[in-house]
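Here the structure is laid out as structure tokens; the discussion comes afterwards.
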Amino acid sequence: MLFCESKMNLSLDKISGQMRSIIGNLSQVIQGKEDKIELLVMALTAGGHILIEDIPGVGKTTLARSLAKTIAGKFTRIQFTPDLLPTDITGVNIYEQSSGRFVFMKGPVFANIILADEINRASARTQSALLEAMSDEHVTSDGTTYPLPSPFIVLATQNPIEYHGTYPLPEAQLDRFMLQLDLGYPPPDIEQSLTINRTSKDPVEAIGTIISLEEIHALRSCVDAVKLEASVSQYLLHIVHATREHPKLRLGVSTRGTLLFARIARACALLDGRDYVIPEDVKRLAVHVLSHRLLLDSKSQYGGASPSDITAEIVSNIKVPR
């Protein structure tokens, strides 16, 4: 049955099958983390950026490279350091003697998949260079606007353990990430299998491209066709409004965060082969979509509370609609 009228006229089964194929391809490289890869593929389908907060060496870079290869997209890695300048990300105008004019030399942000590695090591000024790109998918230099490739996805990483030489991400930038993930260590049996079977060969070489950029665009256009009924919308909004009124929070979820929450919930429905959102989609995504947008008050921050725990508490206290 035809669901989404695009150039490819996709059915629900085909949409779900394509998303599952991406998950299966990535799971060949990042093993034992299918639940996290599902979230990443939902964000890819919904057109959102992802913040990965985790310790070094658990596969963040490998995941980003694998995603780029899976969708036949251009991949660039930007290593954020304290001396990185905004023009090192976006590009710079250079005077060309032969033509007697300035020519814009594109920076590494002009790619489909951007790995912003250790983003919190750069200054706030440099971090803000990504704001326009993440929000509007273009870069402005000396009054001229340059569109970025499409799809355009930022996978930013930060180390939650080491704080020396780091700068906290501004709330305005955190709010532009659709969701936050942590990969964590693989299960013991998977890690043992890796020690036996994983050689020095790059694991990304073992996977191929299974979906085109054009097909990704088609999937994204289908997200808009997923229904979000009034009762489910109210449930989502009750969760959002509770973050704005919680006594331990100085800052709740923004309207941008609410809209991104609703959009990835639609992508979650597509992954399960549905053309409508159910409350379980909202519950599943709440901690990953909302926690990084919350700002604790000083007392709660030093008292050991965490935004993810508060989000989980809010969700558990709100009645699920039937």
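Each reported figure results from applying straightforward, stated rules to the coordinates on display, with no laboratory input. On a predicted model such as this, the values are computed, not experimentally measured, just so you know. Note that we place each Cβ from the backbone using ideal geometry, even for glycine, and neighbour counts take in every protein chain shown.
Structure above, values below:
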| read-out | value |
| --- | --- |
| Restraint check, LYS36/LYS227; LYS74/LYS227; LYS36/LYS69, Cα-Cα greater than 28 Å | LYS74/LYS227 |
| Cα gyration tensor of segment 29-118 - equivalent ellipsoid semi-axes, whole Å, descending | 32, 15, 10 |
| Projected area averaged over orientations for segment 226-322, convex hull of C-alpha atoms, nm² | 5.8 |
| Beta bridge orientation in segment 14-218: antiparallel %, DSSP, nearest 5 | 35 |
| Net charge of Cβ neighbours under 13 Å - reference GLN18; Lys, Arg +1; Asp, Glu -1 | 0 |
| Paired Rg and Dmax values of the chain, which use every Cα atom, in angstrom | 20.4, 70 |
| Partnerless cysteines, meaning none of the other Cys C-beta atoms lie under 4.7 Å away, in the chain | CYS268 |
| Pair GLN301, GLU137: separation of 7 Å Cα→Cβ label points (nm) | 3.5 |
| Approximate spin-label separation SER221-ALA206, in nm, with each point projected 7 Å along Cα-to-Cβ | 3.6 |
| Relative packing of 202-209, 31-38, 55-62, which averages over residues the other C-beta atoms within 10 Å, highest first | 31-38, 55-62, 202-209 |
| Local electrostatic count at GLN301 - Lys and Arg +1, Asp and Glu -1, tallied over other residues with Cβ under 10 Å | +2 |
| Spin-label model distance (nm) - THR166 vs LEU251, 7 Å beyond Cα toward Cβ | 1.7 |
| SER231-ARG125 FRET efficiency (beta carbon distance; Förster radius 30 Å; 0.05 resolution) | 0.10 |
| Furthest towards positive pole of dipole, GLN234, ALA111, ALA129, structure part the chain, Cβ charges | GLN234 |
